[in-house]
Amino acid sequence: MILVVDVGNTNITFGAYKGEELKTTFRMMSNVSRTSDEYGMMILALLKNNDVQPEDVNGAIIASVVPNVMHALTGAIKRYIHINPLIVGPGTKTGIKITTENPREIGADRIVDVVGAYEKYGGPVLVIDFGTATTYDLVTADGCFGVGITAPGIRISAKALWTDTAKLPEIEIKKPASILAGETISSMQAGLMYGQIGATEYIIKEVKRESGLKEMKVVSTGGLGRLVSDETDMIDVYDPTLTLEGLRLIYLKNRK
């Protein structure tokens, strides 16, 4: 069994794979300081509560965009799961050729996403991850990743509204019944959701136009991805476990 770990700016997402089957997933916040012992005890408890015995785990892989978490997290997996995890980074075999000007600047999460999308859906494919930031990454038919767009995520935009204004309240992020909002909360929801949908559709259209890849597949993932994907026909597939699947595939490519 393989433990895959995606360390994002908001959450740490864990998945346990038995072969190609994702047996369970669970999350914890990544912006809380914890010791390796705290991580270890939480991981053990969450595995057992999801019917996975820790002794059945014989491999682990981590992709992280939060360096401060890594020392305690990797220490926890070594001490409590008794495995030295593979860390996605420079030198990791992915099957994707990164052709950006500085490949070392590309976040591990984005690499994992494009690997998952290219292996599952082929290329050319545009991968949209609706996370803390909203990212758009293009992989060509021959597996080259050289184009990426980064925009503020929905939560970042929402937080800016209620943090940087005196009278706007913190709200639930959801699409209101109508864009013709009649009060403050639905007006904020309308601006956030319809704004994100419009921006997403425009970026997809421009990527297709400038690249000339009119028939590319568009795949989305991320915590708020379904909210947007359900509202536009320009996204072909919403895949909530794309990042975890990319981690599993990279682990297999690097297994000795």
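Miscellaneous remarks
- The C-beta contact set for region 228-247 (first residue more than 24 Å from residue 94 (Cβ to Cβ) and in the same structural domain as residue 111 (by TED's automatic domain parsing), second residue among the aromatic types (Phe, Trp, Tyr) and buried (at least 23 other Cβ atoms within 10 Å of the Cβ), distance under 7 angstrom, 6+ apart or interchain) comprises 228/130.
- Positions within region 53-78 being surrounded by 13 or more Cβ atoms within 10 Å (Cβ to Cβ), more than 19 Å from residue 131 (Cβ to Cβ) and at pLDDT 95 or above, in sequence order: 57, 59, 60, 72, 74, 75, 76, 77, 78
- Filter pass, residue 192 being of a type outside the set (Phe, Trp, Tyr), buried (at least 16 other Cβ atoms within 10 Å of the Cβ) and in contact with a Ser or Thr (Cβ under 8 Å, 6 or more places away or on another chain): yes
- Residue check, residue 32 surrounded by 13 or more Cβ atoms within 10 Å (Cβ to Cβ) and under 17 Å from residue 64 (Cβ atoms): no
- Of the residues making up region 109-123, those that are surrounded by fewer than 23 Cβ atoms within 10 Å (Cβ to Cβ) and farther than 11 Å from residue 96 by Cβ are 120, 121, 122.
- Here residue 210 fits the description: more than 22 Å from residue 155 (Cβ to Cβ), at pLDDT 95 or above and either out of contact with any strand residue (DSSP E or B) (no Cβ under 7 Å at 6 or more places or on another chain) or not assigned by TED's automatic domain parsing to the domain that holds residue 60 (or both).
Yes or no, residue by residue, for (1) assigned to a strand (DSSP E or B); (2) touching a strand residue (DSSP E or B) at 6+ places or on another chain (Cβ under 6 Å); (3) loosely packed, with under 13 Cβ neighbours inside 10 Å; (4) among the polar types (S, T, N, Q):
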site: 92; (1), (2), (3), (4): no, no, no, yes
site: 127; (1), (2), (3), (4): yes, yes, no, no
site: 138; (1), (2), (3), (4): yes, yes, no, no
site: 162; (1), (2), (3), (4): no, no, no, no
site: 175; (1), (2), (3), (4): no, no, no, no
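- Taken over region 59-90, the criterion of being hydroxyl-bearing (Ser, Thr, Tyr) and part of a strand (DSSP E or B) is satisfied by 64 alone.
- One residue alone among 148, 246, 223 is under 15 Å from the mean Cα position of the chain (by Cα), surrounded by 14 or more Cβ atoms within 10 Å (Cβ to Cβ) and in a loop (DSSP other than H, G, I, E, B), and that residue is 223.
- The lone exception for residue 196 - which of (1) farther than 21 Å from residue 123 by Cβ; (2) in contact (Cβ under 8 Å) with a residue 40 or more places away in the chain; (3) touching a strand residue (DSSP E or B) at 6+ places or on another chain (Cβ under 6 Å) it fails: (3)
- Residue count for region 69-107, restricted to those that are polar (S, T, N, Q) and farther than 15 Å from residue 255 by Cα: 4.
The values are calculated or read from the model by the stated rules, or taken from the named source; none is laboratory data. Computed from a prediction, not measured in an experiment: that's the story for all the values here. Methodologically, a virtual Cβ is constructed for each residue, glycine included, from the backbone with ideal geometry; neighbour enumeration extends over all protein chains shown.
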